[in-house]
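Chemist: The structure follows.
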Amino acid sequence: MEEKISKYTTDIEKFVDSKVNKKLVEALAKRLASVMGKADAKNVACGDPKEMERVRRNFLKKALDFHDIEKSRTAMEKVCQTMKKTKLKSRITFYYLLATELKKAKKYIEG
């Protein structure tokens with residue numbers, strides 16, 4: 001698991017100016033362990049409206065308890081823009097960037 005955490009952290013570092021919150025990376029990796037092995041689920045497709053709705057519903061709403069639809073959409077658009085040069089957008093990186101953008105990292109870590 002430590003090797004995967006290191007890999008996720010390295011990916012996240014491409015998109016942030018600050019130190020990566022390893023506790024958040026670990027929490028995401030644990031929660032998403034079952035899907036990260038599936039080719040069609042380990043990445044986020046920004047161009048797919050159904051995918052964006054699933055991210056909003058399943059991660060932002062359920063996991064982060066964040067219900068503001070407009071702010072959710074704005075945050076997802078910002079993360080998609082941040083990661084636009086990356087063809088395969090890692091779900092863990094995407095969720096990390098969303099959680100930090102919405103200042104919900106601490107809430108997610110604490111569960």
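Chemist: In the list VAL25, VAL16, which residue meets the criterion of being under 19 Å from ILE109 (Cα atoms), modelled with pLDDT of 95 or more and surrounded by fewer than 16 Cβ atoms within 10 Å (Cβ to Cβ)?
Modeler: Exactly one of VAL25, VAL16 is under 19 Å from ILE109 (Cα atoms), modelled with pLDDT of 95 or more and surrounded by fewer than 16 Cβ atoms within 10 Å (Cβ to Cβ), namely VAL16.
Chemist: Now for a different question. For PHE59, which of the numbered conditions (1) among the aromatic types (Phe, Trp, Tyr); (2) within 12 Å of the chain's Cα centre (by Cα); (3) over 13 Å from TYR96 (Cβ atoms) fails to hold?
Modeler: Of the numbered conditions (1) among the aromatic types (Phe, Trp, Tyr); (2) within 12 Å of the chain's Cα centre (by Cα); (3) over 13 Å from TYR96 (Cβ atoms), the odd one out for PHE59 is (3).
Chemist: I'm told VAL35 meets every condition in (1) over 12 Å from SER90 (Cα atoms); (2) at pLDDT below 95; (3) aliphatic (A, V, I, L, M) except one. Can you identify the failing condition by its number?
Modeler: Going through (1) over 12 Å from SER90 (Cα atoms); (2) at pLDDT below 95; (3) aliphatic (A, V, I, L, M) one by one, VAL35 breaks only (1).
Chemist: Let me ask you something else. Applying the selection to the stretch 21-47, what residues are free of Cβ contacts under 8 Å to residues at least 12 places away in the same chain and either among the basic types (Lys, Arg) or touching a helix residue (DSSP H, G or I) at 6+ places or on another chain (Cβ under 6 Å) (or both)?
Modeler: Result: LYS30, LYS38.
Chemist: Just for the stretch 1-13: of the residues that are of a type in the set (Ser, Thr, Tyr) and closer than 12 Å to TYR96 by Cα, which one is surrounded by the fewest Cβ atoms within 10 Å (Cβ to Cβ)?
Modeler: Result: THR9.
The values are calculated or read from the model by the stated rules, or taken from the named source; none is laboratory data. Small disclaimer: the values here were computed from a predicted structure and weren't measured. We place every Cβ from the backbone using ideal geometry, glycine too, and count neighbours over all the protein chains shown.
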